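Encoded as structure tokens, the structure appears first; notes follow it.
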Amino acid sequence: MAKIEKVLEEKGIVLEKVPVPVAEYVPAKTVGNLVYTSGNDCRINGILKYTGKVGSDLTVEQGYDAARQVMINLISVLKEHLGDLDRVKQVVKMLAFVNSADGFVEQPYVINGASELLVEVFGEKGKHARSAISANELPFNTPVEIELIVEIE
């Protein structure tokens, strides 16, 4: 078993099949030695785990959990795209959006749910640059949307 998949198994993380895109795009695209993912949300078996705005409909802790689920889904995308997660040399950049209530300014704490999981799974290779941005609306009322840039070997 590959190293990263063993870590996922030890953590009880099950990767789902990547859903077919709902519009005209691909889940991931490799350019040179970089993989760019499309934005993902917090679905489990096709259903959003949470909906709504963090800071009114959801707590920071629920937003954190939503971000963690988004990252599980992004790892699924990488697994399907690469075939082997051990090909990940490093996570370069995360761009994260939080569906935020007016006046909510704790986006970094929400997105830590995704960032911390990357480090738990990939170790030093999971440390990345990132942006955690407020959005007044996100598609399908998801609380979090995230995309990644990953360097591969």
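Please count how many residues of the stretch 127-138 are open to solvent by 50 Å² or more (accessible area, probe 1.4 Å) and either of a type in the set (Gly, Ala, Ser) or part of a strand (DSSP E or B) (or both). Explain how you work it out, then say what you get.
Our first condition is that a residue be open to solvent by 50 Å² or more (accessible area, probe 1.4 Å); within the stretch 127-138, this holds for 127, 129-130, 133-134, 136-137.
With the extra rule that they be either of a type in the set (Gly, Ala, Ser) or part of a strand (DSSP E or B) (or both), the set shrinks to 129-130, 133-134.
Count: 4.
Can you tell which of 83, 46, 63, 52 is among the small types (Gly, Ala, Ser) and out of contact with any Pro (no Cβ under 7 Å at 6 or more places or on another chain)? Before the answer, list the steps.
Numbers: 46 fails: out of contact with any Pro (no Cβ under 7 Å at 6 or more places or on another chain); 63 fails: out of contact with any Pro (no Cβ under 7 Å at 6 or more places or on another chain); 52 fails: out of contact with any Pro (no Cβ under 7 Å at 6 or more places or on another chain).
Every option except 83 fails the conditions.
Out of the stretch 90-112, which residues are among the aromatic types (Phe, Trp, Tyr) and either modelled with pLDDT under 95 or touching a Ser or Thr at 6+ places or on another chain (Cβ under 9 Å) (or both)? Break it down stepwise before answering.
Going residue by residue through the stretch 90-112, those that are among the aromatic types (Phe, Trp, Tyr) are 97, 104, 109.
97, 104, listed by residue number.
Kindly list the number of the only condition in (1) in contact with an Asp or Glu (Cβ under 9 Å, 6 or more places away or on another chain); (2) open to solvent by 50 Å² or more (accessible area, probe 1.4 Å); (3) hydrophobic (A, V, I, L, M, F, W, C) that fails for residue 26.
Residue 26 satisfies all of (1) in contact with an Asp or Glu (Cβ under 9 Å, 6 or more places away or on another chain); (2) open to solvent by 50 Å² or more (accessible area, probe 1.4 Å); (3) hydrophobic (A, V, I, L, M, F, W, C) except (1).
Any residue in the stretch 45-57 that is touching a residue at least 12 places away in the same chain (Cβ under 8 Å) sitting within a Cβ distance under 8 Å of a residue that is of a type in the set (Val, Ile, Thr) and in a loop (DSSP other than H, G, I, E, B)? List the pairs, counting only those 6 or more apart or interchain.
Correct list of pairs: 48/142; 50/142; 51/142; 57/51.
Please determine, by comparing only the residues of the stretch 29-42 that are in a strand (DSSP E or B) and touching a residue at least 40 places away in the same chain (Cβ under 8 Å), which one is most open to solvent (accessible area, probe 1.4 Å). Lay out the reasoning, then the answer.
First pass over the stretch 29-42, keeping only residues in a strand (DSSP E or B): 29-31, 34-37, 40.
Those still in the list that are touching a residue at least 40 places away in the same chain (Cβ under 8 Å) too: 30, 34-37, 40.
Details: 30: 58, 34: 48, 35: 0, 36: 97, 37: 11, 40: 28 Å².
Restricting to residues being in a strand (DSSP E or B) and touching a residue at least 40 places away in the same chain (Cβ under 8 Å), the top hit is 36.
Which one is farthest from residue 7 (Cα to Cα), of the residues in the stretch 72-99 that are in a strand (DSSP E or B) and open to solvent by less than 10 Å² (accessible area, probe 1.4 Å)?
The first filter runs over the stretch 72-99 and keeps only residues in a strand (DSSP E or B), leaving 88-99.
Right, trim to open to solvent by less than 10 Å² (accessible area, probe 1.4 Å) and you get 88, 91, 94, 96, 98-99.
Working: 88: 14, 91: 16, 94: 21, 96: 24, 98: 28, 99: 30 Å.
Here the answer is 99.
Residue-by-condition table, conditions (1) in contact with a helix residue (DSSP H, G or I) (Cβ under 8 Å, 6 or more places away or on another chain); (2) surrounded by 15 or more Cβ atoms within 10 Å (Cβ to Cβ); (3) among the acidic types (Asp, Glu); (4) outside any helix (DSSP H, G or I):
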| site | (1), (2), (3), (4) |
| --- | --- |
| 103 | no, no, no, yes |
| 109 | yes, yes, no, no |
| 113 | yes, yes, no, no |
| 118 | yes, yes, no, no |
| 125 | no, yes, no, no |
| 140 | no, no, no, no |
| 151 | no, yes, yes, yes |
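The values are calculated or read from the model by the stated rules, or taken from the named source; none is laboratory data. Every value quoted in this text rests on a predicted model; they were computed, and no experiment measured them. Because the Cβ atoms are built from the backbone with ideal geometry, glycine has one as well, and the counts that use them run over all protein chains shown. Quick note on the areas: whole protein, heavy atoms, side chains included, nothing else; ligands and nucleic acids left out. Shrake-Rupley method; radii C 1.70, N 1.55, O 1.52, S 1.80 Å.
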